[in-house]
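Just below is one structure, and these are the notes that go with it.
The values are calculated or read from the model by the stated rules, or taken from the named source; none is laboratory data. Everything quoted here is computed from the prediction, not taken from an experiment. Heads up, the Cβs are rebuilt from the backbone with ideal geometry, glycines too, and the neighbour counts pull from every protein chain shown. To get the accessible areas, we keep the full protein, side chains included, count just its heavy atoms, and leave off ligands, DNA and RNA. Shrake-Rupley method; radii C 1.70, N 1.55, O 1.52, S 1.80 Å.
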Amino acid sequence: MDNRDHARFVHDMYEFNDTKPAGNSYRAFPMMDIVSPSWVPRHAAERERERLVDIHAWCLMGNHYHLLISEIKEGGLSAFLRKLNVGYAKYFNERYRRAGTLFQGRTKKILIRNDAHFLHILHYIHLNPLDFNQKTKEWRTGRLSGHVQALQNLKKHRWSSFLDYCGQKNFPSVITRDLFGDIFGNYDKTIAEYLRTMDSDIVNEYTLE
């Protein structure tokens with residue numbers, strides 16, 4: 001509903017990515033804890049974390065989210081998603097005095113099976129915010145006339161891992177970037193070229209919708 005809800009979701013991605021239960025600081029976190037580019041929860045230094053998954057990329061949209069994750073602990077993927085969905089729903093219901101489920105249906109999981117999908121998936125997740133602008137929404141057809149405007153719009157959307165991949169510290173503590181290593185080099189230039197020369201066949205083949 002607002003930036004506080006968005007910030008809470010980012011907080012929860014970090015907090016619930018742990019084999020241990022969330023600490024007592026979970027219920028009340030000041031907004032100031034998360035607005036800093038070098039944000040790490042204040043209690044993080046008080047205990048060692050055993051992550052359930054590596055979060056390689058993420059994007060928070062108006063009514064859903066996308067994650068690119070790989071499992072570290074056996075059963076970690078399911079455990080993390082359960083903790084994230086249930087924990088965030090509890091926060092949301094308490095804040096807005098509502099009851100019941102928040103997320104509709106079961107989590108949709110798609111396995112990355114080949115190199116082409118692997119090379120496309122990071123871009124796909126980061127391009128989702130283009131849906132917010134009618135002029136850039138055409139990216140889903142694999143055709144985009146205003147690629148410069150599209151790139152500017154992406155840089156204004158804080159609620160994804162896009163800025164961190166472009167070298168602008170946003171929420172670097174949440175993600176693990178090792179999976180892609182130096183594959184894309186300068187990601188800022190890579191995504192700009194991708195937008196300029198979009199391949200409709202690739203976009204349509206590997207859509208996650």
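Tell me which residues, restricted to the stretch 72-91, are of a type in the set (A, V, I, L, M, F, W, C), open to solvent by 30 Å² or more (accessible area, probe 1.4 Å) and out of contact with any strand residue (DSSP E or B) (no Cβ under 9 Å at 6 or more places or on another chain). Talk me through it step by step, then tell me what you get.
Let us first name the residues in the stretch 72-91 that are of a type in the set (A, V, I, L, M, F, W, C), namely 72, 77, 79-81, 84, 86, 89.
If we keep only those that are open to solvent by 30 Å² or more (accessible area, probe 1.4 Å) as well, we get 72, 77, 86.
If the condition is that a residue be of a type in the set (A, V, I, L, M, F, W, C), open to solvent by 30 Å² or more (accessible area, probe 1.4 Å) and out of contact with any strand residue (DSSP E or B) (no Cβ under 9 Å at 6 or more places or on another chain), then 86 is the only one that fits.
If the requirement is being under 26 Å from residue 53 (Cα atoms) and in a helix (DSSP H, G or I), which of these qualifies: 171, 92, 103? Steps first, please.
Details: 171 fails: in a helix (DSSP H, G or I); 103 fails: in a helix (DSSP H, G or I).
Step by step, each of 171, 92, 103 is checked, and only 92 is under 26 Å from residue 53 (Cα atoms) and in a helix (DSSP H, G or I).
Considering only residues that are farther than 29 Å from residue 15 by Cβ and of a type in the set (Gly, Ala, Ser), which ones fall in the stretch 165-199?
185, 192
Among residues belonging to the stretch 28-75 that are more than 28 Å from residue 101 (Cβ to Cβ) and hydroxyl-bearing (Ser, Thr, Tyr), point out the one that is modelled with the lowest pLDDT.
The residue in question is 38.
Can you tell me which of (1) farther than 26 Å from residue 52 by Cα; (2) in a loop (DSSP other than H, G, I, E, B) is the one residue 179 doesn't meet?
Failing condition for residue 179: (1).
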